[in-house]
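What follows is a single structure, written as structure tokens, with notes after it.
The values are calculated or read from the model by the stated rules, or taken from the named source; none is laboratory data. Since the structure is predicted, the reported quantities are computational estimates derived from the model, not experimental observations. Neighbour counts are summed over all protein chains in view; Cβ atoms, including those assigned to glycine, are modelled from backbone coordinates with ideal geometry. The area values use the complete protein model at the heavy-atom level, side chains included, leaving out ligands, DNA and RNA. Shrake-Rupley method; radii C 1.70, N 1.55, O 1.52, S 1.80 Å.
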Amino acid sequence: MRNLNSMGLRYESGRLLVLDQTRLPHEEVWLESRTPEDMIEMIQSLRIRGAPLIGVGAALALAHLSKSDVSKSQFMDAARSLRAARPTAVNLMVAVDRVLASVGPGPLEKDTIIKCAEDFFDEDVRLCEGMAAQGAPLIQNGDNLLTHCNTGGLATVGIGTALGVIRRAHESGKRIHVFVDETRPLLQGARLTAWELGKLGIPYTLICDNMAAMLMKKGKINRVFVGSDRIAANGDFANKIGTYSVAVNAAFHDVPFYAVAPATTVDSKCPTGEQIPIEERPSSEVRNQWSPRECHVFNPAFDVTPIQIVSGVVLDDRIIKGGRGGGF
Ligand code: MRU
């Protein structure tokens, strides 16, 4: 397999390496994924995260496995387990299904599987550029943007989804500033997006998730860009918990709101947002030093935003208009 390089995932001299995102921004530690079980643990613990990135991680883990003397039935079992590692981001299922489709009826053909995983990696890089080309023109010089969670180079193997749009707008010379939701409970905004924006030299301000409405009321936010983990056939989309309330606030204050995602995030078999499976994560992620030790916790990792209340969904090759219209 050839060497592959991205901000959070690498294939280097026969080793599959993952940047442990749980230790960012203060420590940059690369971990080796030797087996599919390693990759599953890293996906479930969010060492590797972001819808497109976990798909590419799973595809590379299968390609790496195919190089060993694995039997076909062991390979198929590993594929099934990787596919089920997290339930919401459809990119993971798309990636594993793509690899499985390259497996013929006979013995495992490792060259075909490796080529499929490498192509999936390259495709994600191209899809990010496509989203940026579609979305960056929506950003005006002088805009104050808001984003939620992390959608950049740490969530893909390219420049990112929503953050890729923001990055290309900045690089084209538009003067912009980004408000970053810290994104409770696991702080992907505070830890990861702030880190990425700092590296890119894009001016930003970190805010708590409950501050956006007040800023919108004061006219301090012109446009919102977020990512997505699964887009249903009717355009409803799942994204990091808290996205729905940002969209409601944006609709109330008439602030244009866009989700940005690649073709690999669209699930045409899922009719509406109602059918998107939502991951629930451990209570320990929400309980903290201020809460009673045994308090009851509800911890859904994602919520669903109806297409009716957003301006649009930016894909890599087109924009789906949302029910709010305007903003274009
Ligand atoms: O739980 P996470 O950190 O994997 O959630 C990630 C998000 O919600 C992103 O917004 C989403 O994957 C789309 S961005 C590439």
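Miscellaneous remarks
- Straight-distance candidates among the lysines for linking to Lys321, with alpha-carbon spacing under 23 Å and chain neighbours fewer than 8 residues away dropped: Lys240, Lys269.
- For the range 181-234 versus the range 298-313, the inter-centroid distance based on Cα atoms is 14 Å.
- Taking a ≥ b ≥ c as the square roots of the eigenvalues of the alpha carbon gyration tensor, the range 74-153 is prolate, as a/c is not under 1.5 and a/b beats b/c.
- Note on the range 135-321: Cα-Cα pairs beyond 19 Å make up 57% of the total pair count.
- Set of lysines with alpha-carbon distance to Lys110 below 26 Å, sequence-local pairs under 8 removed: Lys67, Lys72
- Taking the 1.4 Å solvent-accessible surface of the range 4-129 as the whole, the part contributed by carbon and sulfur is 50%.
- Shape of the chain, Cα gyration tensor, a/c cut at 1.5: prolate
- Given a 1.4 Å probe and the protein chains as shown, Lys72 ends up with an accessible area of around 60 Å².
- A 1.4 Å probe run over the protein chains yields, for the chain, 42 Å² of accessible area per residue, whole-number rounding.
- Net length gained if the chain between Lys72 and Thr112 were fully extended (0.36 nm per residue, minus Cα distance): 13.0 nm
- Along the axis of the charge dipole computed for the chain (Cβ charges of +1 for Lys and Arg, -1 for Asp and Glu, origin at the Cα centre), the listed residues Ile207, Val260, Ser284 are led at the positive end by Ile207.
- With the simple model of a label 7 Å out from the Cα in the direction of the Cβ, Arg80 to Lys174 spans 4.7 nm.
- Virtual paramagnetic centre 7 Å along Cα→Cβ of Ser13, amide N under 19 Å, in the range 47-84: 64
- For the range 125-269, the relative contact order works out to 26 percent when only alpha carbon pairs closer than 8 Å and six or more residues apart are counted.
- Partners of Lys217 within straight-line reach, counting aspartates and glutamates whose Cα lies under 19 Å from its Cα and excluding those fewer than 8 residues away in the same chain: Asp143, Asp181, Asp209, Asp254.
- Spin-label pair Val286/His253, simplified geometry with 7 Å Cα→Cβ offset, distance in nm: 2.5 nm
- Of all accessible heavy-atom area on the range 184-328, the percent that carbon and sulfur account for (1.4 Å): 54 percent
- Computed about its Cα centre, the charge dipole of the range 4-129 is approximately 260 debye, with only Lys, Arg, Asp and Glu carrying charge at their Cβ.
- The range 219-328 shape via C-alpha gyration tensor axes, a/c threshold 1.5: oblate
- The charge dipole of the chain, taken about its Cα centre with unit charges on the Cβ of Lys, Arg, Asp and Glu (plus for the first two, minus for the last two), comes to roughly 660 debye.
- Total charge dipole magnitude, the range 177-328, about the Cα centre, Cβ charges on Lys, Arg, Asp, Glu only, Debye to nearest 20: 440 debye
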